[in-house]
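Peer 1: The structure that follows is given in the form of structure tokens.
None of the figures in this text is laboratory data; all of them are computed from the coordinates on show. Bear in mind that the values here come from a model prediction, so they are computed numbers and not experimental data. Neighbour counts are summed over all protein chains in view; Cβ atoms, including those assigned to glycine, are modelled from backbone coordinates with ideal geometry.
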Amino acid sequence: MTTTYNIRALESADYQFVASVVDDWWGGRPVRALVHRIFFDHLNASSFAVGPSDAVQAFLIGFVSQSDPKVAYIHFVGVSPAARAGGLARLLYEHFFNVVSAQGCTEVRSITSAVNTGSIAFHRKLGFTLLPGSGEIDGIPVSLDYAGAGQHRVLFHKAL
Ligand SMILES: CC(C)(COP(=O)(O)OP(=O)(O)OC[C@H]1O[C@@H](n2cnc3c(N)ncnc32)[C@H](O)[C@@H]1OP(=O)(O)O)[C@@H](O)C(=O)NCCC(=O)NCCS
């Protein structure tokens, strides 16, 4: 059976539910503090969700860079564990690519932590390349101390 998803703009009303589930969705990692309410209030033209506000199935938070309007950035993507492996994150990414391409972006960037192997595999599948970093962990190029001491990050890039 094929499921049809309705992608809509992320809304302020989505915040409470999303904030209440993200730590679980990230496998117990405390990421809630990274999902700020301001994104739900102010990034609605470039952030998207699937499902009703009290039962969001998936969401993407992204924006066009103010420093370089040709660059778009995806900050967060999350899919409910029950809805995974069905192409939902790919759908949200492709929707984002279309929206920011229409605004003149030629590149999308994203960042993940070096321990998030699922995110690294997902981004590779979506055609992102890993930018060379200042170090390497388990064969993965990482920018050492990118987000503070000991906070290594993997930097992704994809041309649109
Ligand atoms: C990563 C995540 C967003 C993927 O969502 P999803 O809806 O299951 O992904 P999709 O079904 O759209 O997968 C797209 C492709 O990526 C691959 N993929 C997705 N997750 C993967 C994983 N953990 N390991 C390996 N490959 C993966 C899929 O196999 C698929 O490949 P295909 O198109 O060739 O079949 C989801 O697992 C999640 O929410 N994880 C927790 C939050 C997180 O880590 N977010 C990313 C960092 S911000």
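Peer 1: With contacts defined as alpha carbon pairs under 8 Å and 6 or more residues apart, what's the relative contact order of the chain in percent?
Peer 2: This gives 17 percent for the chain.
Peer 1: Estimate the FRET efficiency between Glu94 and Ala149 by the formula 1/(1 + (r/R0)^6), using the beta-carbon distance for r and 25 Å for R0, to the nearest 0.05.
Peer 2: 0.10
Peer 1: Moving on. With a Förster radius of 41 Å, plug the Cβ-Cβ distance of Gln16 and Asp138 into 1/(1 + (r/R0)^6) and report the FRET value to the nearest 0.05.
Peer 2: Approximately 0.65, to the nearest 0.05.
Peer 1: Sort region 1-105 into rounded, prolate or oblate with this rule: let a ≥ b ≥ c be the square roots of the eigenvalues of the Cα gyration tensor; rounded if a/c is under 1.5, and if a/c is not under 1.5, prolate when a/b is larger than b/c, oblate otherwise.
Peer 2: Taking the square roots of the gyration eigenvalues as a ≥ b ≥ c, region 1-105 is oblate.
Peer 1: Summing +1 for each Lys or Arg and -1 for each Asp or Glu, what net charge is found among the other residues whose Cβ lies under 11 Å from the Cβ of Asp14?
Peer 2: -1
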